[in-house]
Amino acid sequence: MRFEPSRGLEGELIAPADKSISHRAALLGAMAPYPVHIRNYLHAADTDSTLDAIRALGALVEVRPGEVVVRGTGLREAREPAGPIDVGNAGTLLRLLPGWLAAQEGRTFTLDGDDSIRRRPVDRVAEPLTLMGAALEATDGRFAPLQVRGARLHSISYELPVASAQIKSCVLLAALAADGASTVGEPERSRDHTERMLMRAGASIHRNGRHVTITNADELELEDLTVPGDPSSAAFLIAAGVLVPGSRLLLRDVGVNWTRTGFLRIARRMQGIVLGDLEDESGELVAHEPTSDIDVAAGALEGTFVGPEEVPLAIDELPLVALLGCFAEGETVVRGAQELRLKESDRIATVVDGLRGLGAEIEATEDGFAVIGTGGLRGGSIDSHGDHRLAMLGAVAGLASREGVEVRGMEAADVSYPGFLEDLAALAG
């Protein structure tokens, strides 16, 4: 699909539903003994895989206009399915679900997915769950298919080797059924949707700096949920609004949890015009997800440095930082982002190669990249490599380029943002 240079984006949109929160809402709904109504659930390839997975585990799922109703099995009563659970392309599901399954005593589960999932390591999940008493077997010790044999779990105090909301969430879900209080520490703060949702569900959970402690529970009492707009998906529209001259956008109901708005703060630091009421950083754990309207306009950009402490809070949007860097004055450098190599594609290699093919002056490093701003991009073609973020990056690059960009594999965007093309077309007139 080809994206021609745009003369300016204008309009107002409601941000698409948050993928990360949709995954977690469905999983916690399946772990609750009472019906949970989830409003504004994201229906995309990844999140629909989560609904299929919890159905296989015994939850009843009813999809209604505007909401999904999940009637769960309870914390310790998941059904052992007859065959493997297909997680599709959903890395979040692959890493969170074993936390619940590890507590299902005497039952065995196998998780598998597409070719991309089979290249994504799960050993970081297997290690803490094994320490808690579960038995896990991964292909070559690292990859799916992953077999989980549930057991009576022990509490744990565990330090994550890298900041990862997915691994942290996996351990917290397992700890709900362990024999005491468990603590998870991380080197840098990562997104905290799981902690907030568990607090809302009545779990005894608190944060102390970079450590989260949770106590075992008999059941979850999750109230009805409304999923906010996804800041990671909205980031592609925000980047387009910042880059295409003459643009003015208003994105409504965007989630502004401070652990998810790293990209917005980086874009502001680069002098992008991104206005909204972002949540302030806080050591206090709260049970709600704040939202705000985000006002965006094009402007002259300046290069910046993104260090390791910022990476977990902008991990999915770092490819867009590289794109903004191409149009900025000076150098833009990202360090401490080696986790990008373990996404749907090696996002350091694919982003650097892809943007270089469009005329960028960009170099890869072991843990990030460095971009010399040249004021724009020539254009050309880019391959998504089956990665939804790279597909959307190519589309935005095309609108802001001088000659346009052809994106091969644009259908990958459906993994997280099925309405992306329609929304982009509406803003481009």
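The values are calculated or read from the model by the stated rules, or taken from the named source; none is laboratory data. Computed from a predicted model, the values in this text were never measured in an experiment. So basically every Cβ, Gly included, is an ideal-geometry build from the backbone, and we count neighbours across all protein chains shown.
Brief remarks on what is shown
- Residue list for the range 420-429, filter: at pLDDT 95 or above and surrounded by 15 or more Cβ atoms within 10 Å (Cβ to Cβ): 420, 421, 423, 424, 427
- Scanning the range 280-297 for residues being out of contact with any helix residue (DSSP H, G or I) (no Cβ under 6 Å at 6 or more places or on another chain) and hydrophobic (A, V, I, L, M, F, W, C) gives a total of 3.
This table checks each residue for (1) surrounded by 22 or more Cβ atoms within 10 Å (Cβ to Cβ); (2) touching a helix residue (DSSP H, G or I) at 6+ places or on another chain (Cβ under 6 Å); (3) of a type outside the set (D, E, K, R); (4) not assigned by TED's automatic domain parsing to the domain that holds residue 12.
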| residue | (1), (2), (3), (4) |
| --- | --- |
| 340 | yes, yes, yes, no |
| 353 | no, no, no, no |
| 356 | no, no, no, no |
| 361 | no, no, no, no |
| 365 | no, no, yes, no |
| 369 | yes, yes, yes, no |
| 407 | yes, yes, yes, no |
| 412 | yes, yes, yes, no |
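- When the range 281-296 is filtered for residues that are aliphatic (A, V, I, L, M) and surrounded by 17 or more Cβ atoms within 10 Å (Cβ to Cβ), the ones remaining, listed by number, are 294, 296.
- Residue selected from the range 93-113 under the condition surrounded by fewer than 16 Cβ atoms within 10 Å (Cβ to Cβ) and not polar (S, T, N, Q), by the criterion nearest to the chain's Cα centre (by Cα): 105
- Residue 251 being in contact with a Phe, Trp or Tyr (Cβ under 7 Å, 6 or more places away or on another chain), touching a residue at least 24 places away in the same chain (Cβ under 8 Å) and surrounded by 16 or more Cβ atoms within 10 Å (Cβ to Cβ): no
- Taking the numbered list (1) closer than 19 Å to residue 26 by Cα; (2) assigned by TED's automatic domain parsing to the domain that holds residue 152 in turn, residue 255 passes all entries but (2).
- Qualifying residue in the range 209-217 (condition: touching a residue at least 24 places away in the same chain (Cβ under 8 Å), more than 25 Å from residue 97 (Cα to Cα) and surrounded by fewer than 22 Cβ atoms within 10 Å (Cβ to Cβ)): yes
- Residue list for the range 322-341, filter: closer than 19 Å to residue 402 by Cα and among the hydrophobic types (A, V, I, L, M, F, W, C): 322, 323, 324, 326, 327, 328
- Residue in the range 157-175 that is free of Cβ contacts under 8 Å to residues at least 24 places away in the same chain and farther than 27 Å from residue 231 by Cβ present: no
- Meets criteria (under 20 Å from the mean Cα position of the chain (by Cα), at pLDDT below 95 and buried (at least 16 other Cβ atoms within 10 Å of the Cβ)) for residue 189: yes
- Residue-level analysis places residue 204 outside the set of residues that are buried (at least 23 other Cβ atoms within 10 Å of the Cβ) and of a type in the set (Gly, Ala, Ser).
- Taking strands (runs of 3 or more DSSP E) as the structural unit, those lying wholly within the range 117-227 and holding at least 1 residues that are of a type in the set (Asp, Glu) correspond to 135-139, 157-159.
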